[in-house]
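Quick note: the coordinates plus some simple rules give every number you see, no bench work behind them. What you see is a predicted model; the values in this text were computed from it and never measured. For neighbour counting, all protein chains shown are included, and Cβ atoms are generated from backbone atoms with ideal geometry for every residue, glycine included.
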Amino acid sequence: MKRITIIMGLVGAVLALAVPASALRRVPRTGPYFNRLVVSGYAGSGLTVGEFASSRPGDGNHKSGAVGYAVDVEMFFVPGVSIGATMAGHTFEDRSDPSLETNLTTFAGFLRYVAYTGDVVRPFLRIGLGGQRVQFQDRVNRFRSDFATYVQGGAGVIFRVSNSFSLDGQALYNYGFTENAYVPDADAIVGFDTKYWTLSGGVSLYFP
């Protein structure tokens, strides 16, 4: 046992000498991406894809260019990795009749990983899971569906202005499993899944 202890001590000493101090500090445990609460606001546009954009009977027939927003609250619980919650909304117009609109309301949790590639500009990856509700409306009527499962994934870039403020941009792919979501007021189902990209920019505030 004593021999094993001595060998382990020697191995540890060799590793300590072989690994430069800079490598041990590669992921800092201070700064805006560790043990910080972050509140972000985004605005941007939605680009429809798949059956959400298709004009075939029973599909969505929605055009791109939706006006959208998102509000995020997250906590970096380990260096460069956060867990958070988002609330988002987007309004898509019908391709054939601009008076027909579809509003998407989304609530989701997400994980975000920020890469340590520099002090000012840093890329990130993001995935999320939650629920989405579809609302159909024209000038008179509004019909809301029940919530359905929703997933998102994408990437973005953070431009760090200061230790407490940054400008962000992101591109997210969004998929709502809404095809069979029930619409109580119309006694019907949505009939299609919501598939779209969101391109947005925003600002983030870091606390404390």
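What is the ratio of the Cα radius of gyration of the chain to 2.2 N^0.38 Å, with N the residue count, to two decimals?
1.37
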note = Of the residues THR198, VAL157, GLY41, the Cα lying farthest along the dipole of the chain towards its positive end, which is defined by charges on the beta carbon of Lys, Arg, Asp and Glu, belongs to VAL157
request  = Work out the P(r) tail for region 136-179: percent of alpha carbon pairs separated by more than 16 Å, whole number.
outcome  = 64 percent
inquiry  = Using a Förster radius of 35 Å, what is the FRET efficiency between ASP185 and ALA43 based on their Cβ-Cβ separation? Nearest 0.05, please.
reply    = 0.75
ask   = How large is the helix-only mean residue ellipticity at 222 nm for the chain, computed as the sum of -39500 (n - 2.57) over DSSP H runs with n ≥ 4, divided by its residue count, in deg cm²/dmol to the nearest 500?
value = -3000 deg cm²/dmol
query = Roughly how tilted is helix 2-18, in degrees to the nearest 10 and between 0 and 90, from the longest Cα axis of the chain?
reply = 70 degrees
Computed magnitude of the charge dipole of the chain (debye, nearest 20; Cβ of K, R +1, Cβ of D, E -1) = 1440 debye
message = Modelling each spin label as a point 7 Å along the Cα-to-Cβ direction, I'd like the THR91/VAL157 distance in nm, to one decimal.
response = 3.1 nm
Whole-Hz couplings from phi, Karplus 6.51/-1.76/1.60, listed for region 199-205; x for Gly and Pro = 10, 8, x, x, 10, 10, 10
